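**Student:** Take a look at the following structure, please.
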Amino acid sequence: MRLLVVEDDPDLNRQLVTALGEAGYAVDTAFDGEEGHFLGDTEPYDAVVLDIGLPKKDGLSVLEEWRRDERKMPVLILTARERWSDKVAGMDAGADDYVAKPFHMEEVLARLRALLRRSAGHASNDLVCGPLVLDTKAARVTVDGQAIKLTSHEYRVLHYLMMQRDRVVSRTELVEHLYEQDFDRDSNTVEVFIGRLRKKLPADLIKTVRGLGYRLTENPDGA
Ligand code: CA
C-alpha cells in the first residue's frame with residue numbers, strides 16, 4: 001500500500017515517514033500544500049496524511065480541490081489540538097478522519113489501518129486467504145499459524161494482493177502501489193517478488209491471469 005504524507009514540519013514529517021515505512025507502507029512525502037496537492041492529484045495513493053496548516057496552499061483547500069476533482073482516497077487530517085473548528089471544517093471538506101497534534105504515532109497508524117481496511121471493504125486487521133493470514137497491525141504473515149519471513153517488498157506485494165483478494169490486479173497497478181515516487185521502477189521486479197512469494201506460500205495461491213495480471217484467491221478454478 002502506498003501513502004502520501006503532507007506535513008511542513010520537517011521533524012514530524014520524518015517521524016511519520018519513518019513510522020509508516022517501518023509499518024510496511026511505501027511512503028511519498030510533501031512539505032507544502034502545492035506539492036502535496038499535485039502528488040495527490042496525479043499518483044494513486046491508498047491513503048493520505050494531510051496537515052491542515054501548510055505553506056503555499058492550506059490543507060483544507062488541498063482537500064477540497066481533490067474532492068472536487070473526484071479524488072476519493074481516504075484522507076486523515078492532522079489538526080491543532082485546540083482548534084475544534086479545524087476538525088469540523090476538515091470533515092466537511094472531505095476528510096475521513098482526523099488526529100489532533102500532538103499525537104501518538106500508534107494512533108495515526110491505527111487510524112490509517114482503519115481507513116485502509118474500510119476503503120477495501122475489510123472488517124478486520126487480519127487479512128485471510130485459506131491458510132494464509134496477514135496481520136496488518138503487526139505486519140506479520142503466517143501460514144497455518146507458522147510465521148513466514150518476507151522482505152519489505154515481498155510484504156508490500158502480498159499486502160496489496162490480499163487487500164484486493166479475488167480480484168485481478170495488473171502489473172502496472174501493483175507497481176503503482178508498491179513503490180515510492182522516485183523509486184526506479186522496473187516492472188520485471190514485480191515478477192521476481194511474485195516468484196519469491198510463491199516459493200514461500202502455499203502453491204497456487206497467487207495465480208497468473210494471462211495478459212491481465214495476478215489474482216490472490218483460494219478458489220482453485222480462479223473464478
Ligand atoms: Ca503545519
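**Student:** Which ones in segment 192-221 are among the charged types (D, E, K, R), open to solvent by 80 Å² or more (accessible area, probe 1.4 Å) and in contact (Cβ under 8 Å) with a residue 40 or more places away in the chain? Before you say what the answer is, go through the steps one by one.
**Tutor:** Kept after step one, since they are among the charged types (D, E, K, R), are these residues of segment 192-221: 196, 198-200, 204, 207, 210, 215, 218, 221.
If we keep only those that are open to solvent by 80 Å² or more (accessible area, probe 1.4 Å) as well, we get 196, 198-199, 204, 210, 218, 221.
Correct list: Arg196, Glu218.
**Student:** Determine the pairs where a residue that is closer than 22 Å to Asp11 by Cα, located within segment 82-105, has a partner that is charged (D, E, K, R) with Cβ atoms under 7 Å apart, the partner being 6 or more residues away or on another chain.
**Tutor:** Pairs that qualify, where the first residue is closer than 22 Å to Asp11 by Cα and the partner is charged (D, E, K, R), are Tyr98/Lys87; Val99/Glu107; Val99/Arg111; Ala100/Arg81; Lys101/Arg81.
**Student:** Related question: Taking the stated definitions as given, is Asp11 acidic (Asp, Glu), within 13 Å of the ligand (Cβ to nearest atom), open to solvent by 10 Å² or more (accessible area, probe 1.4 Å) and not in a strand (DSSP E or B)?
**Tutor:** Numbers: acidic (Asp, Glu): yes; within 13 Å of the ligand (Cβ to nearest atom): yes; open to solvent by 10 Å² or more (accessible area, probe 1.4 Å): yes; not in a strand (DSSP E or B): yes.
For Asp11, the condition - acidic (Asp, Glu), within 13 Å of the ligand (Cβ to nearest atom), open to solvent by 10 Å² or more (accessible area, probe 1.4 Å) and not in a strand (DSSP E or B) - is met.
**Student:** Which ones in segment 123-154 are in a loop (DSSP other than H, G, I, E, B) and open to solvent by 50 Å² or more (accessible area, probe 1.4 Å)?
**Tutor:** As a first pass, look at segment 123-154 and keep what is in a loop (DSSP other than H, G, I, E, B): 123-125, 130-131, 136-139, 144-145, 149-151.
Hits for segment 123-154 are Ala123, Ser124, Lys137, Ala138, Asp144, Gly145, Lys149, Thr151.
**Student:** Okay, moving on. Mind checking which pairs have a first residue in segment 33-62 that is more than 21 Å from Asp97 (Cβ to Cβ) and a second that is more than 11 Å from the ligand (Cβ to nearest atom) and not in a helix (DSSP H, G or I), Cβ under 6 Å, 6 or more apart or different chains?
**Tutor:** From segment 33-62, the pairs are Glu34/Lys56; Glu34/Lys57.
**Student:** Looking only at segment 193-204, decide whether some residue is closer than 16 Å to Val128 by Cβ and in a helix (DSSP H, G or I).
**Tutor:** Filtering segment 193-204 for residues closer than 16 Å to Val128 by Cβ gives 201-202.
Cutting the leftovers down to in a helix (DSSP H, G or I) gives us none.
Within segment 193-204 (the criterion being closer than 16 Å to Val128 by Cβ and in a helix (DSSP H, G or I)), the answer is no, since none of the residues qualifies.
**Student:** Working only within segment 160-191, note down all residues that are in a helix (DSSP H, G or I) and surrounded by fewer than 19 Cβ atoms within 10 Å (Cβ to Cβ).
**Tutor:** First, the residues of segment 160-191 that are in a helix (DSSP H, G or I): 160-163, 171-178, 187-191.
Selection gives Arg171, Thr172, Glu173, Val175, Glu176, Ser187, Asn188, Thr189, Glu191.
**Student:** Moving to a separate point now. For residues in segment 35-53 being open to solvent by 20 Å² or more (accessible area, probe 1.4 Å) and within 14 Å of the ligand (Cβ to nearest atom), which is nearest to Leu112 (Cα to Cα)?
**Tutor:** Gly53
**Student:** Of the conditions (1) open to solvent by less than 50 Å² (accessible area, probe 1.4 Å); (2) under 28 Å from Met163 (Cα atoms); (3) outside any helix (DSSP H, G or I), Lys72 fails just one. Which one is it?
**Tutor:** (1)
**Student:** Let me ask something additional. Within the bounds of segment 55-68, is there any residue that is out of contact with any strand residue (DSSP E or B) (no Cβ under 8 Å at 6 or more places or on another chain), in a helix (DSSP H, G or I), within 15 Å of the ligand (Cβ to nearest atom) and outside the structural domain of Arg156 (by TED's automatic domain parsing)?
**Tutor:** Filtering segment 55-68 for residues out of contact with any strand residue (DSSP E or B) (no Cβ under 8 Å at 6 or more places or on another chain) gives 55-58, 60-61, 64-65, 67-68.
Narrowing further to those that are in a helix (DSSP H, G or I): 60-61, 64-65, 67-68.
Subset that is within 15 Å of the ligand (Cβ to nearest atom): 60-61.
Applying the additional criterion that residues be outside the structural domain of Arg156 (by TED's automatic domain parsing) yields 60-61.
Yes: one or more hits.
**Student:** Could you check, for segment 82-97, whether at least one of its residues is part of a strand (DSSP E or B) and either at pLDDT 95 or above or within 12 Å of the ligand (Cβ to nearest atom) (or both)?
**Tutor:** Scanning segment 82-97 turns up at least one residue that is part of a strand (DSSP E or B) and either at pLDDT 95 or above or within 12 Å of the ligand (Cβ to nearest atom) (or both).
**Student:** I've got another one for you. Kindly provide the set of residues from segment 81-112 that are of a type in the set (A, V, I, L, M) and surrounded by fewer than 19 Cβ atoms within 10 Å (Cβ to Cβ), ordered by number.
**Tutor:** Restricting attention to segment 81-112, the residues satisfying the condition of being of a type in the set (A, V, I, L, M) are 88-89, 91, 93, 95, 99-100, 105, 108-110, 112.
Across segment 81-112, the qualifying residues are Val88, Ala89, Met91, Ala100, Met105, Leu109, Ala110.
The values are calculated or read from the model by the stated rules, or taken from the named source; none is laboratory data. This structure is a prediction, so every number in the text was calculated from the model and none was measured. Neighbour counts are summed over all protein chains in view; Cβ atoms, including those assigned to glycine, are modelled from backbone coordinates with ideal geometry. Side chains included, ligands, DNA and RNA excluded: accessible areas come from the protein's heavy atoms. Shrake-Rupley method; radii C 1.70, N 1.55, O 1.52, S 1.80 Å.
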